[in-house]
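Right, one structure below, let's go through it.
The values are calculated or read from the model by the stated rules, or taken from the named source; none is laboratory data. Remember, it's a predicted structure, so these values are computed and weren't measured experimentally. Counting neighbours? That spans all protein chains shown, and the Cβs are built from the backbone with ideal geometry, glycine included. For accessibility, only protein heavy atoms count, side chains too; no ligands or nucleic acids. Shrake-Rupley method; radii C 1.70, N 1.55, O 1.52, S 1.80 Å.
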Amino acid sequence: MECKKDIIDVDDLKIKEVEQILKNADSFREVLERDIKKVPALRAKTVINMFYEPSTRTKISFELAAKRLGADVINFSASGSSLLKGESDQDTLDTIKAMKADLAVIRHKNSGYVNYLAQNTDIPVINAGDGRHAHPTQALLDLYTIKKSFDRIKGLKVAIVGDIKNSRVARSDIKLFNRMGMDVTIIAPSMLMPENMEMYQVHTAHKIDDVIKKADVVYMLRMQFERQSKGYYPSIREYCRFLSLDLTRAKKMKEEAIIMHPGPVNRNIEIQDCLFSEKIIQGKIKINEQVTNGVAVRMALLYFVFNCGEK
Amino acid sequence: MECKKDIIDVDDLKIKEVEQILKNADSFREVLERDIKKVPALRAKTVINMFYEPSTRTKISFELAAKRLGADVINFSASGSSLLKGESDQDTLDTIKAMKADLAVIRHKNSGYVNYLAQNTDIPVINAGDGRHAHPTQALLDLYTIKKSFDRIKGLKVAIVGDIKNSRVARSDIKLFNRMGMDVTIIAPSMLMPENMEMYQVHTAHKIDDVIKKADVVYMLRMQFERQSKGYYPSIREYCRFLSLDLTRAKKMKEEAIIMHPGPVNRNIEIQDCLFSEKIIQGKIKINEQVTNGVAVRMALLYFVFNCGEK
Amino acid sequence: MECKKDIIDVDDLKIKEVEQILKNADSFREVLERDIKKVPALRAKTVINMFYEPSTRTKISFELAAKRLGADVINFSASGSSLLKGESDQDTLDTIKAMKADLAVIRHKNSGYVNYLAQNTDIPVINAGDGRHAHPTQALLDLYTIKKSFDRIKGLKVAIVGDIKNSRVARSDIKLFNRMGMDVTIIAPSMLMPENMEMYQVHTAHKIDDVIKKADVVYMLRMQFERQSKGYYPSIREYCRFLSLDLTRAKKMKEEAIIMHPGPVNRNIEIQDCLFSEKIIQGKIKINEQVTNGVAVRMALLYFVFNCGEK
């Protein structure tokens with residue numbers, strides 16, 4: 001490759017580039033419906049999946065995306081590797097690079113770390129989620145899912161509900177949705193609001209009931225129990241009282257409004273189980289579409305990066 | 001795919017279908033002897049290997065079978081996945097499905113669980129072993145190995161020896177062998193006999209010596225130490241006295257009779273080590289043939305499921 | 001395959017064969033610089049990577065080498081496999097063989113164990129490092145890196161510095177470098193010298209300063225902290241005093257002399273961090289070249305073994 005284009009957060013893409021990626025995702029989405037779901041766009045390229053944090057769906061999604069494009073995939077996770085030998089991440093990345101891999105997809109539990117690694121190597125890096133910082137491919141697939149549902153983006157009202165403070169999904173979503181002209185409200189109790197609220201050009205509310213009737217998109221975040229210190233959050237009872245999406249609330253939503261979640265859902269916490277079996281609500285839930293779209297969007301992003309961001 | 005054909009146990013196949021699969025296995029067995037061991041029958045298809053229990057041979061066998069047919073394989077095991085995040089298996093399966101995988105191969109330690117997962121998703125599922133319940137691909141490869149050895153099936157006398165109670169291999173073998181017209185005897189001490197004996201149309205015996213002279217196939221089961229509570233079984237000494245296949249016993253076998261085992265063998269428990277180096281016995285041991293045939297039979301089964309069971 | 005050629009140590013190759021492998025590595029090295037980094041030399045062959053010891057770079061290097069040649073790769077590590085079931089390694093290897101895999105790459109923590117496995121199976125085996133015994137592919141890639149740097153081999157002065165006693169890299173390097181006509185000096189405190197020194201046709205020294213001005217190649221070994229019993233080695237302070245490569249020492253090296261290390265470097269122990277950012281020294285450090293060359297050399301070795309050592 002003659003270039004190095006890193007995707008650390010959604011800022012690394014111009015609006016025009018985002019639009020191009022969504023457009024290409026449309027073509028790849030179509031490929032995924034075919035009997036033969038492969039195209040040879042990245043034949044003989046090698047993508048390394050470096051996951052320093054447990055993951056199923058993002059890791060498999062990238063693996064599938066790369067393989068559907070004809071690339072070879074090398075999987076690498078922190079356990080089982082020679083990290084035991086005290087190797088620094090920089091050494092690891094130098095090694096990967098020297099082995100002539102073509103691109104690294106990296107997830108890490110420390111915010112900012114993927115950027116640090118990207119700055120210090122010369123193969124392109126895609127951030128698959130770093131700490132509480134950013135998750136750009138999630139934001140792109142969320143945007144794509146919204147666009148597919150409404151056939152437009154500008155002016156839509158999005159309510160993002162839950163643990164904003166600890167969520168890399170919320171951070172990347174808010175940034176991208178704002179830039180694309182959507183109207184974003186975040187809903188969280190004070191203790192789950194980020195500290196530097198002024199940075200985020202959003203409306204705020206504390207109860208889901210304040211926004212449920214007006215929102216086009218109700219985006220439920222996952223409670224990140226694994227990123228909390230004990231006793232920090234509201235009790236699950238409190239959470240359900242003010243934030244959980246139950247049937248009564250879901251029925252107040254606008255007819256065409258949709259429900260999203262980055263997955264995996266903590267059932268009966270963020271979303272009550274009964275919604276999944278309620279006929280009139282089922283159609284609103286776009287969680288599986290998000291997953292399918294994730295493969296297509298990641299195919300489009302890999303294609304974009306491998307082509308140096310051209311076209 | 002236009003269909004969903006699950007293989008949870010051998011009952012999911014009609015006798016005609018079993019015969020078709022064995023016939024196709026013959027062609028694939030031939031492919032495995034070639035210098036180029038691949039055929040492009042499942043090109044661009046994706047098989048997900050979901051193993052919730054440790055496994056080497058079954059997992060690698062399915063991985064090889066899928067790759068030999070040109071499919072892409074995504075490996076997924078319980079550790080390292082986001083199960084830590086409290087995701088339900090149903091969520092996992094929905095995810096896989098939404099990612100447009102084409103087929104899931106699942107092993108799980110709970111009996112009946114693979115069936116539950118299959119009922120609740122719409123991609124085809126192949127059971128790679130669930131608890132003490134069933135292991136249909138093992139039964140198919142065992143049947144195929146017997147057919148290859150004798151060039152017939154009907155009327156053959158099979159002795160299945162050992163821990164019947166805890167064995168999914170025994171359950172699937174007995175069912176399939178019965179249906180195919182073989183004459184099955186199970187040999188175990190009372191405490192290793194299943195409770196609902198009347199369900200199994202088999203003869204019973206307590207000592208291997210009762211059957212060793214008449215059997216065409218002596219099928220030694222693996223002691224499932226990992227599925228026992230302590231103190232449950234006979235001592236290893238008792239086991240050897242009544243059930244173990246030693247040289248004296250092996251020499252009493254009919255000239256054309258064969259010895260099988262699902263592997264891995266607990267040497268000097270189920271089968272005495274010396275048999276493996278004894279010239280006149282070696283030829284009877286079909287364990288390696290079972291392994292090789294396993295890849296061919298799984299190729300044939302994948303091919304069958306991907307073609308909706310047609311032909 | 002019509003043959004079985006094991007590569008347990010560098011002795012398994014004649015000098016002519018080593019030269020042929022290095023020559024082929026040149027062609028493969030060129031392939032790695034292309035946009036399309038693949039050649040179909042081993043299409044439809046299956047390589048099994050069996051790693052019984054944690055590893056990143058050697059494992060990925062073999063995986064890449066095999067995939068670049070068009071082979072399928074089955075990864076297998078000790079954890080997650082059915083070793084829990086008490087399967088013997090011999091059983092595992094028989095299984096792999098019966099599954100019609102074409103070649104096994106094996107790393108094991110016990111010296112001599114890979115040879116034992118190779119003797120008892122009939123598919124070819126390549127040693128990816130066994131205990132303190134041998135690491136032939138490391139020696140080959142080191143030799144290749146030296147040849148590329150100097151455009152000759154014979155008569156070069158190599159200084160191997162550090163934990164000779166516990167190093168399989170040192171053992172294989174010394175043997176191969178000697179055979180190829182290089183002049184080898186090993187530098188270590190007495191407690192890190194091997195016991196049977198007379199076997200190694202080498203000069204010895206105890207301080208890096210004794211050799212730094214004359215050496216063409218300064219080969220820094222990795223401190224194998226994981227293979228030590230506590231309190232066995234010199235303190236890190238002592239190590240740095242006599243063996244560590246710091247800026248003062250590096251500046252005394254001959255103009256064309258080079259620095260090598262098998263990786264991963266314990267920074268500020270074997271090599272001081274500042275060397276990596278010092279302009280006049282940077283060019284001497286061949287660590288990344290070693291990694292890149294490793295893929296090319298392993299491609300050449302796989303190709304050699306698959307062709308039965310012919311040509």
Given the conditions (1) under 30 Å from C:GLY283 (Cβ atoms); (2) modelled with pLDDT under 85, and given that C:ALA78 satisfies all but one, which numbered condition is not satisfied? (1)
When region C:277-297 is examined, which residues are found to be in a helix (DSSP H, G or I) and either within 17 Å of C:VAL211 (Cα to Cα) or facing another protein chain (nearest Cβ under 10 Å) (or both)? C:ILE287, C:ASN288, C:GLU289, C:GLN290, C:VAL291, C:THR292, C:ASN293, C:GLY294, C:VAL295, C:ALA296
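Can you confirm whether C:ARG249 is farther than 24 Å from C:LYS284 by Cβ, among the charged types (D, E, K, R) and in a helix (DSSP H, G or I)? Let's see the steps before the verdict.
On the way: farther than 24 Å from C:LYS284 by Cβ: no; among the charged types (D, E, K, R): yes; in a helix (DSSP H, G or I): yes.
Judged against the criteria, C:ARG249 is not a match.
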Being assigned to a helix (DSSP H, G or I), of a type in the set (Ser, Thr, Tyr) and either assigned by TED's automatic domain parsing to the domain that holds A:ASN178 or open to solvent by less than 50 Å² (accessible area, probe 1.4 Å) (or both): is that true of A:THR137 here? yes
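Please go through region C:162-179 and pick out each residue that is in a loop (DSSP other than H, G, I, E, B) and either open to solvent by 20 Å² or more (accessible area, probe 1.4 Å) or not hydrophobic (A, V, I, L, M, F, W, C) (or both).
Going through region C:162-179, the residues in a loop (DSSP other than H, G, I, E, B) turn out to be C:162-167.
Of everything in region C:162-179, those that are in a loop (DSSP other than H, G, I, E, B) and either open to solvent by 20 Å² or more (accessible area, probe 1.4 Å) or not hydrophobic (A, V, I, L, M, F, W, C) (or both) turn out to be C:GLY162, C:ASP163, C:LYS165, C:ASN166, C:SER167.
In region C:214-230, is there at least one residue being at pLDDT 90 or above and assigned to a helix (DSSP H, G or I)? Reasoning before the result, please.
Filtering region C:214-230 for residues at pLDDT 90 or above gives C:214-222.
Those left that are additionally assigned to a helix (DSSP H, G or I): none.
Within region C:214-230, none of the residues are at pLDDT 90 or above and assigned to a helix (DSSP H, G or I).
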Quick check, is A:SER167 in contact with a Gly (Cβ under 6 Å, 6 or more places away or on another chain) and without any contact (Cβ under 8 Å) to a residue 60 or more places away in the chain? no
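Every residue, every condition in (1) modelled with pLDDT of 95 or more; (2) closer than 22 Å to A:LEU156 by Cα; (3) open to solvent by 50 Å² or more (accessible area, probe 1.4 Å), yes or no:
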| position | (1), (2), (3) |
| --- | --- |
| A:PRO264 | no, no, no |
| A:LEU275 | no, no, no |
| A:LYS286 | yes, yes, no |
| A:THR292 | no, no, no |
| A:ALA296 | yes, no, no |
Counting only residues that are part of a helix (DSSP H, G or I) and not aromatic (Phe, Trp, Tyr), region A:140-161 contains a total of 9
Here the qualifying pairs (Cβ atoms under 7 Å; residues six or more apart or on different chains; first in region C:22-39 and on the phi > 0 side of the Ramachandran plot; second surrounded by fewer than 18 Cβ atoms within 10 Å (Cβ to Cβ) and among the small types (Gly, Ala, Ser)) come out as none
Which of the residues that make up region B:230-262 are among the small types (Gly, Ala, Ser) and either surrounded by 15 or more Cβ atoms within 10 Å (Cβ to Cβ) or in contact (Cβ under 8 Å) with a residue 40 or more places away in the chain (or both)? B:SER244, B:ALA250, B:ALA257
Failed item, numbered, when C:ILE60 is tested on (1) in contact (Cβ under 8 Å) with a residue 24 or more places away in the chain; (2) crowded, with 19+ Cβ neighbours inside 10 Å: (1)
